[in-house]
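The structure appears right after this line, and notes come after that.
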Amino acid sequence: MNNLISQSHIWTTLKNHQKYLAPVQMQDLFALNEHRYEDFSIEACDLLLDYSKNRLTKDTLNLLRQLAIKVDLEAWVQKLFTGELVNNTEHRAALHVALRNRSNTQIIVNGKNVMPEVNLVLEKMRKFSNLVRDGEWRGYTGKTIENIVNIGIGGSDLGPAMVTRALRIYQHPRLHSYFVSNVDNSHLGDILTRINPETTLFIIASKTFTTQETLLNAHTARDWLIEKLGDESAVAKHFVAVSTATEKVTEFGIDPVNMFEFWDWVGGRYSLWSAIGLPIAVMVGMERFEELLTGAHELDQHFATAPILENLPMLMGLIDVWYSSFFNTTSQAVLPYDYTLKLFPAYLQQLVMESLGKRVTRNGDVVDYTTCPVIWGAPGNNGQHAFYQLLHQGTHVIPTDFIVAIESHYNLSEHQDAVLSNALAQSHALMMGRNLEKTKQNLVSMGIKDNDLAQQLPHRVFLGNQPSNTILYKKLTPKILGSLIALYEHKVFVQSTCWGINPFDQWGVELGKNVASMLLPTLQEKNNDRISHDSSTNGLLNYIKTHRDNIL
Ligand code: F6P
């Protein structure tokens, strides 16, 4: 217990400070300080962060800064950037910053500079993506490639899928991309009915090349291709792999020449900057992919050098700790007012929750404070007509990130102003709310009176004081996107450091995997004799077995 940060003086001070701030209304803080926006907003790497609509004051920030100092945040950032084994349970570095180290300064892992290898793989990606895009890489029957099917899951799917969707405006006109992750028949099965094997390239993306879902999908895709083209040797023209496991890739039947390597010091959910980004490079071109890396690199430099309270990821991370551990909030909404970021909330769910969804510290001590929030969200205007009711009038405090593009890549008149006015209106309304008196005036002005007024009044009041950040950028270019993603990656690192958590392992996904492999044979047996799990699992297994028509 003694190792927990919650035993420190600064933690107690923050707790007391929270008690003082809990009843304070943000609208009063705005009324007291007409420069609140200027005082609580910051710009770096072409991203503007307005964090003025948060339940904090300058005192809060100073205390959070002291917390950052207490946990040695800046020293931890150095460890991250210099290849120390920050992933202590797997004895690994976590060097996603090396993948986008555009200044090419040396970064040593286990006594070796990793930059030459990083650059070699980037070069291989450049050559390959150019061949596909220029129509020079041809399928088995001599046709140019038109469909790119990425088969992977988790970090080998969510990052590249999100970025490819976000940068669709830049994509090659001949190419279509598909991302297959689920083992459900209706994912791969559906896509296979819509593509031509002669013009399809499968990218099998798996760091370990042991992931059940990916291997099953990859084998099925391979069998489908061989059946359609009638020759096993067609595989060489239609399958490439991205992995750290050369032997397993070879066993699967992909020539290592067609394998793009990465390394165990790249975490799955931090891997889109590596060869896992191959579908991005193919779809939008290597130059755009490199712009993405540049954006992330600039944010890395900012993170490594800016003082704590002028540092975007540090500010965002500390504010998140403030809400989770002192207000005990348990969820956080991410609301992009930029439809191209449609998949960003799903991507962040893995980044944040697989990294921080933990209840023990690096040393194995059980924490006595709330850690990772549940991350959820959807593009802004859609969410407004779905779940914003809960943000405005529910019983939870839900810190929210509004992510807003000032301009769109498309020029439909009026649309962008509609998006911007909605985004700003929502953060304003969440903060201000509408009190009883104003609500009453409003209803009276609408001609509502007497019993009807009394009955309607409580339903129409908005308590407000719901906190939010707003992140603004001009237009979602590859570079801006790179900076935005890196901002969230580093914000997670800041949270993990404050909580003493290792953000780079994911032991929590193991148990379910083990049980699934135990249940699989039971499901495939004809009789029910050997079913010996809990009665619910037994009952469900039996029900499935007696209600399905075919066992494949
Ligand atoms: O869900 C667990 C996990 O290990 C993720 O961390 C990872 O991104 C995903 O599975 C896929 O792993 P792989 O790339 O090894 O197939």
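The values are calculated or read from the model by the stated rules, or taken from the named source; none is laboratory data. For clarity, every value in this text was computed on a predicted model and none was experimentally measured. Reconstructed Cβ throughout: ideal geometry from the backbone, glycine too, with neighbour counts over all protein chains shown. Ligands, DNA and RNA are stripped out before the accessible areas are found, and what is left, the full protein with its side chains, is counted by its heavy atoms. Shrake-Rupley method; radii C 1.70, N 1.55, O 1.52, S 1.80 Å.
Every residue, every condition in (1) in contact with a Gly (Cβ under 9 Å, 6 or more places away or on another chain); (2) under 30 Å from V266 (Cβ atoms), yes or no:
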position: T141; (1), (2): no, no
position: G152; (1), (2): no, yes
position: R165; (1), (2): no, yes
position: I169; (1), (2): no, yes
position: T211; (1), (2): yes, yes
position: T220; (1), (2): yes, yes
position: L225; (1), (2): no, yes
position: L229; (1), (2): yes, no
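Take the range 451-509 and flag every residue that is under 30 Å from Q441 (Cα atoms) and assigned to a helix (DSSP H, G or I).
Selection gives N451, D452, L453, A454, Q455, Q456, L457, P458, H459, R460.
Quick check on the range 406-414. Is at least one of its residues without any contact (Cβ under 8 Å) to a residue 40 or more places away in the chain, part of a helix (DSSP H, G or I), open to solvent by 80 Å² or more (accessible area, probe 1.4 Å) and not aromatic (F, W, Y)?
No, the range 406-414 contains no residue that is without any contact (Cβ under 8 Å) to a residue 40 or more places away in the chain, part of a helix (DSSP H, G or I), open to solvent by 80 Å² or more (accessible area, probe 1.4 Å) and not aromatic (F, W, Y).
Return the pairs, sorted by first residue and then second, in which the second residue is of a type outside the set (A, V, I, L, M) and not in a helix (DSSP H, G or I), the first residue lies in the range 507-521 and is closer than 23 Å to Q350 by Cα and open to solvent by 70 Å² or more (accessible area, probe 1.4 Å), the beta carbons are less than 7 Å apart, and the residues are 6+ apart or on different chains.
Partner pairs satisfying both residue conditions: G508/G357.
Based on what the data block shows, is L430 surrounded by fewer than 21 Cβ atoms within 10 Å (Cβ to Cβ) and away from the ligand (no atom under 16 Å from the Cβ)?
Against the criterion (surrounded by fewer than 21 Cβ atoms within 10 Å (Cβ to Cβ) and away from the ligand (no atom under 16 Å from the Cβ)), L430 does not qualify.
Is there any pair linking a residue in the range 112-141 that is open to solvent by 60 Å² or more (accessible area, probe 1.4 Å) to one that is at pLDDT 95 or above and among the charged types (D, E, K, R), with Cβ under 8 Å and at least six apart or on different chains, and which?
As it stands, the answer is N130/E136; R138/K237; Y140/E198; Y140/D231; Y140/K237; T141/E198, since those pairs meet every condition given.
Does T395 satisfy being more than 19 Å from P336 (Cα to Cα) and in a helix (DSSP H, G or I)? Walk me through it before giving the result.
Working: more than 19 Å from P336 (Cα to Cα): yes; in a helix (DSSP H, G or I): no.
The answer is no for T395.
Which residues, taken from the range 432-451, are on the phi > 0 side of the Ramachandran plot and not small (G, A, S)?
D450
Within the range 1-94, which helices (runs of 4 or more DSSP H) (wholly inside it) include 2 or more residues that are open to solvent by less than 10 Å² (accessible area, probe 1.4 Å)?
Passing ranges, in order: 9-21, 58-70, 73-81.
When you scan the range 197-204, do you find a residue that is within 16 Å of the ligand (Cβ to nearest atom), of a type in the set (A, V, I, L, M), outside any helix (DSSP H, G or I) and open to solvent by 30 Å² or more (accessible area, probe 1.4 Å), even just one?
no
Quick one: Q350 ticks every box in (1) over 11 Å from the mean Cα position of the chain (by Cα); (2) open to solvent by 10 Å² or more (accessible area, probe 1.4 Å) except a single one, so which number is it?
(1)
Can you tell me how many residues in the range 218-238 are within 16 Å of the ligand (Cβ to nearest atom) and either open to solvent by less than 10 Å² (accessible area, probe 1.4 Å) or hydrophobic (A, V, I, L, M, F, W, C) (or both)?
Total meeting the criteria: 2.
Is it the case, given these coordinates, that G357 is open to solvent by 40 Å² or more (accessible area, probe 1.4 Å) and at pLDDT 95 or above?
Criteria met by G357.
Return the residues of the range 320-343 that are assigned to a helix (DSSP H, G or I) and among the aromatic types (F, W, Y); say none if nothing qualifies. Break it down stepwise before answering.
Restricting attention to the range 320-343, the residues satisfying the condition of being assigned to a helix (DSSP H, G or I) are 320-326, 339-341.
Selection gives W322, Y323, F326, Y339.
Of the residues H176, H187, which single one is within 16 Å of the ligand (Cβ to nearest atom) and not aliphatic (A, V, I, L, M)?
On the way: H176 fails: within 16 Å of the ligand (Cβ to nearest atom).
Exactly one residue qualifies, and that residue is H187.
Considering only residues that are free of Cβ contacts under 8 Å to residues at least 24 places away in the same chain and of a type outside the set (D, E, K, R), look in the range 245-270 and name the one that is farthest from the ligand (Cβ to nearest atom).
V257
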